[in-house]
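Undergrad: Let me give you the structure first, and then I'll get to my questions.
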Amino acid sequence: MAVATTTLAYAALGWAAVGTGISAATQIAAGKSQAKQYQYEGAYNAEVYRQQAELAEQQKKVEEFQANRSIARARGTLTARAGGSGLLLSGSPLAIMIDNESLMQYDKAIGQYNLEVKKRYAQSGARFSEYMGEQKAKASIFSGYSNAFQSILSFSTNLAMMSLPIKGMKA
């Protein structure tokens, strides 16, 4: 009877070891799978930010074109009014035209600057998303291995506790 009990104990121990091994392997695989998900997420978010940066660049071109048209229209209107009233384009009309054009160029520069900031922010967001995806992936892999190690350590601890003789009992 003692042999059968010992055999059953070893069999149970063997199955516990197999279960622990499977658990450890599953935890490592889960960590790697999560890592791939984080990398994909980082790449996707980075692509969204890149698209926003490209949109800002396109907006800059459109805004510059519109600003140049407005400046030319204002210049033409002032020239026509001055000419229509019989004034030469010198003195006050010229000063007004130069002042208006200077202000419009200033407004155009502000708009271009704001769109450049928007573009660079999006580019920075793209780089950050990629970086965070990589960092989360590394952490996920580490977590998988850490959990696997914890399972093996727990099994070893339980095994050691089972094999310790209890005071007052014969081994």
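Only the coordinates and a few stated rules stand behind these numbers; no lab work does. The structure displayed is predicted, hence computed values, not measured ones. Don't worry about glycine lacking a Cβ; one is built from the backbone with ideal geometry, like all the others, and counts go over all protein chains shown.
Undergrad: Per 0.36 nm of contour for each residue apart, how much would the distance between Met162 and Gln112 grow if the chain were fully extended, relative to their Cα-Cα spacing? Spell out each step's value before the answer.
TA: Details: separation 50, 0.36 × 50 = 18.00 nm, distance 7.40 nm.
Extra length from Met162 to Gln112 when fully extended: 10.6 nm.
Undergrad: What are the semi-axes of the equivalent ellipsoid of the chain, taken as the square roots of 5 times the eigenvalues of the Cα gyration tensor, listed largest first and rounded to whole Å? If you can, show how the numbers build up before the last one.
TA: Details: eigenvalues 1327, 32, 8 Å².
One finds semi-axes of 81, 13, 6 Å for the chain.
Undergrad: Something else about it: Please determine, in degrees from 0 to 90 and to the nearest 10, the orientation of helix 2-84 with respect to the longest principal axis defined by the Cα atoms of the chain, where the helix direction is its Cα long axis.
TA: Its long axis makes an angle of about 0 degrees.
Undergrad: Given R₀ = 45 Å, what would the calculated FRET efficiency be for Arg127 paired with Thr26, taking r from the Cβ atoms and rounding to 0.05?
TA: 0.85
Undergrad: In straight Cα distance, which aspartates and glutamates are under 19 Å from Lys36, not counting same-chain residues fewer than 8 positions off?
TA: Glu47, Glu130, Glu134
Undergrad: A follow-up question, please. Show that you can apply the helix-only estimate: for the chain, add -39,500 (n - 2.57) for every DSSP H stretch of four or more residues, divide by all residues, and state [θ] at 222 nm to the nearest 500. List each step's numbers first, then the result.
TA: Working: 2 runs with 155 residues, N = 171.
Taken over the chain, the calculation gives -34500 deg cm²/dmol.
Undergrad: Right, something else. So how far apart, in nm, are the two label points at Ser85 and Tyr145 if each is 7 Å from Cα heading toward Cβ?
TA: With each label point 7 Å from Cα toward Cβ, the separation is 8.1 nm.
Undergrad: Can you compute 3J(HN,Hα) from phi for each residue in region 139-150, using the Karplus curve 6.51 cos²θ - 1.76 cosθ + 1.60 with θ = phi - 60°, rounded to whole Hz and x for Gly and Pro?
TA: With coefficients 6.51, -1.76 and 1.60, one gets 5, 5, 5, 4, 4, x, 5, 5, 5, 5, 4, 4 Hz.
Undergrad: Related question: Please compute the modelled spin-label separation between Glu47 and Tyr10, points set 7 Å along Cα→Cβ, answer in nm with one decimal.
TA: So the two model labels end up 5.7 nm from each other.
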